[in-house]
2 protein chains.
Amino acid sequence: MRIVMKFGGSSLASAIHIRRAADLIARQRAEGDDVVVVVSAQGDTTDDLIEKAREITEEPCGREKDMLLCCGEQMSMALMAMQLEAMGCPAVSLCGWQAGIRTESRHGDARILKVEPDRVIRALEEGRVAVVAGFQGIDGTGELTTLGRGGSDTTAVALAAALGADACRIYTDVSGVYSADPRVVERARVHREISYDEMLEMAALGAKVLHSRAVELAREHNVRVEVCSTFSPQSGGTALGSECGHGQPVRGITCDDRVDMVTVAGLGAGPETCGLFNRLADSGVSIDVIIRSPGEQPRGGVVSFSVSAGDRETVRAVLNGCREELGFSAFSVQTDMAKVSVVGVGMSDGCGVAAKMLRALQEGDLRPQYITTGELRISVILPKTCASRAVRLIHSAFFEE
Amino acid sequence: MRIVMKFGGSSLASAIHIRRAADLIARQRAEGDDVVVVVSAQGDTTDDLIEKAREITEEPCGREKDMLLCCGEQMSMALMAMQLEAMGCPAVSLCGWQAGIRTESRHGDARILKVEPDRVIRALEEGRVAVVAGFQGIDGTGELTTLGRGGSDTTAVALAAALGADACRIYTDVSGVYSADPRVVERARVHREISYDEMLEMAALGAKVLHSRAVELAREHNVRVEVCSTFSPQSGGTALGSECGHGQPVRGITCDDRVDMVTVAGLGAGPETCGLFNRLADSGVSIDVIIRSPGEQPRGGVVSFSVSAGDRETVRAVLNGCREELGFSAFSVQTDMAKVSVVGVGMSDGCGVAAKMLRALQEGDLRPQYITTGELRISVILPKTCASRAVRLIHSAFFEE
């Protein structure tokens, strides 16, 4: 067997954590498997590095920020390889550029273009564990890049695909993919299996356990991904695959609590609305839930949409910049909102998921202003302060009957 | 003009320090010069990284230790380039491997074999300051290496040589090369000029301002090195060159306070003594002051020599290992000794340097047990506790009359 094992920052937070992870690795190798390890930066290292940059300047140049952040994973890969060697398990650490992680030329959020894992394969052939720094790569001109949020998961899946690995195991601080955030819902349960599509939808809607880009890559290359806990690795975790986990229409309740709702009044329904959404897309702003109420006068319509709270200033700038040209009368931003979603393959099967969801909210006296439905989800927008209660009410209706 | 500016860890200890150094760099560039910057790791970063490794294992594998330590300089180069960019001074940071620092395949103490500074030159041609990580390089197989103590000085001098720079300016926390350590001797003075040979001797005998390997490289390629203070850069500092600073027979008083004296009794004067010194050399132990007293019986002679305190355990192991074969009766190690030296070109000119030195010590009731002389120095071995007083007495005799 050939296995990629990826450890997140909380699984590597201290020397003791590194030792525990190294035990798992050495045990896997002792079973005769080829083992490639992908590591994130330890604990708060990335935040500490960002803080160091912030002491220098509020807007560090992207290239240099990448140079700085790459050190986080480089430190943890070296410590992990040291630990393995000290335990008598031959290991060699490799930076992203040494492991052949080739990316596009874009700092802070580069996509992996291809993997040329010659040195990784050489290490395996020499009987060593290859310990690869996640989250980083090199572009065509020899510049270091980073992959953005969830980047180490993406490194692990990309390496697993390039190496034809039998599995890509993501070790994290939770036991797998849950029906809801276990910190919010006490009775949340771990799925044994879940499909790529369901996982993608859950990741897009706020589930933090795996980043969408990693799931997309896994789906594209049909990599078997297993999510499990570093702290209780025997408990099984969740397997992702294309054939996984059908039968249940609803798979999870997610919550994204960094949402703003933007409302624009007096915007024409034709090219004006298109124009606005194009401007936002060009500025890198993703919009989700879109609700249009037609109004009575020709230009009396109101359009509302949700954006990530992190894009707030960009959104304001874009709207102020095109107000005159697009001729809308006013806009407002409702901050501190949350998007609570029900995710699963059974949304459009007419089995009354929406009705059940709204009834559950209603019973808790929650009346969401905005609702939207899709192939794999139904989302409502609520004030952030009600979000956890909404998740618990919905979870109880679908999973705790 | 093309200038290499090197900043040590104490000159980069915080964001404020980095800003101050960046001011010096931007000012140099504003004069129209091509500027290459070499940085050490910030403040205590290297020690912190070594401590992190020590939490994992007492004896980290050399390759992985290098991987870990390289992060120190990579972080400070990124922060420096960010700072320069934020000030509107175009800059680009380069790791050792990106700057073409090619070394031998030896971890922890690699020598630079050659410099292929294509990317550095490209950065200069684009009008940028190139900020290069000191202390690190890459070997022929693509492995990262580090250069050992004083490695960033060596990087700076090697780059200056490869780029044909007009000067290599070493910014540090002292004002230049002193006649003695200014922390010990209040009235120590800064030399305006000093020759490579004198500086080499002083570095070998304990002066910490520049590492011998950097000075050797500067002499070999005739690089003009200037040592000056980051904190008062206007005060001039010390220039090193081949034609520098003659006229004064005594140039400095140095002190190395990490010295052990080893005494071996009953060792034959012929092949036995040779054999012992060969063994020590093979184990990487440098010996300095050697004193032989013949004794009265054929095998009654005693040989004493000084070693670095850091080599103590190796020395004991070598001596225990060859005692039987070489047939000596016993050995002892006197720890906590110091070597105080007078350095200058005038030692052998018969101008009574030794007499003057011993008289100065005598007047302070210090009677060194061991004395040795060379072309460029006279050294005495004393208990560490008397070392500072000895330095002050000798400095006063030669420099404060």
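Observations on the structure shown:
- Linear extension gain, residue A:234 paired with residue A:13, 0.36 nm per residue minus alpha-carbon span: 77.5 nm
- Taking all Cα pairs closer than 8 Å and separated by 6 or more residues, the relative contact order of the stretch B:253-399 comes to 31 percent.
- Inter-chain neighbour count for B:49-55: the average number of beta-carbon atoms from partner chains within 10 Å of each residue's beta-carbon is 4.
- Backbone amide hydrogens, once placed in the peptide plane, bring residue A:6 within less than 5 Å of A:38, A:169, A:170, A:171, excluding anything fewer than 5 places away on its chain.
- Mean separation of Cα contacts under 8 Å (6+ apart) over length of chain A, as relative contact order %: 13
- Among the residues of B:70-77, the average count of other protein chain beta-carbon atoms within 10 Å of the residue beta-carbon is 5.
- Placing a label point 7 Å from Cα along the Cα-to-Cβ direction at residue B:335 gives distances to the equivalent points in the other copies of 6.2 nm, listed shortest first.
- Counting only alpha carbon atoms, the long axis of helix B:45-56 and the longest principal axis of chain B meet at about 70°.
- Within the stretch A:20-66, GluC sites (Glu not before Pro) in DSSP loop having at most 14 other beta-carbon neighbours inside 10 Å: A:31, A:58
- Degrees between helix A:151-163 axis and first principal axis of chain A (Cα, 0 to 90, nearest 10): 60
- For the stretch B:1-67 versus the stretch B:331-377, the inter-centroid distance based on Cα atoms is 37 Å.
- With its label point defined 7 Å out from Cα along the Cα-to-Cβ axis, residue B:400 lies at 8.1 nm from the matching points of the other copies, in increasing order.
- Only Cα pairs under 8 Å and 6+ residues apart enter the sum, and on that basis the relative contact order of the stretch A:36-159 stands at 31 percent.
- Spin-label zone in the stretch A:324-344 - amide nitrogen under 11 Å from a point set 7 Å from the Cα of residue A:385 along the C-beta vector: none
- Anisotropy class of the stretch B:2-246 from Cα gyration tensor, a/c 1.5 cut: rounded
- Distance (nanometres) between label positions extended 7 Å along Cα→Cβ at residue A:149 and residue A:2: 3.2
- Separation of the residue A:111 and residue A:222 label points, Cα + 7 Å toward Cβ, nm: 2.2
- Site pair residue A:373 and residue B:104 shows an inter-label distance of 7.5 nm when each label is modelled 7 Å from Cα along Cα→Cβ.
- Radius of gyration and maximum dimension Dmax of the stretch A:38-143, Cα, Å: 14.7, 46
- Rounded to 5, percent antiparallel among DSSP beta bridges of the protein assembly as shown: 60
- Most mobile listed residue (A:256, A:48, A:282) in chain A, GNM with C-alpha springs under 10 Å: A:282
- A straight chain from residue A:173 to residue A:122 at 0.36 nm per residue would run longer than the Cα-Cα distance by 15.2 nm.
- Calculated label separations, residue B:208, copies of the chain, 7 Å along the beta-carbon direction, nm: 4.4
- Footprinting exposure proxy for B:101, B:290 (fewest neighbouring C-beta atoms within 10 Å first): B:290, B:101
- Taking every residue in B:81-92 and counting other chain Cβ atoms within 10 Å of its Cβ, the average works out to 4.
Just so you know, all these numbers are worked out from the coordinates, no wet-lab data involved. Here the structure is a predicted model, which is why all the values come from computation and not from measurement. Ideal geometry is used to build each Cβ from the backbone, glycine not excepted, and the neighbour counts take in all protein chains shown.
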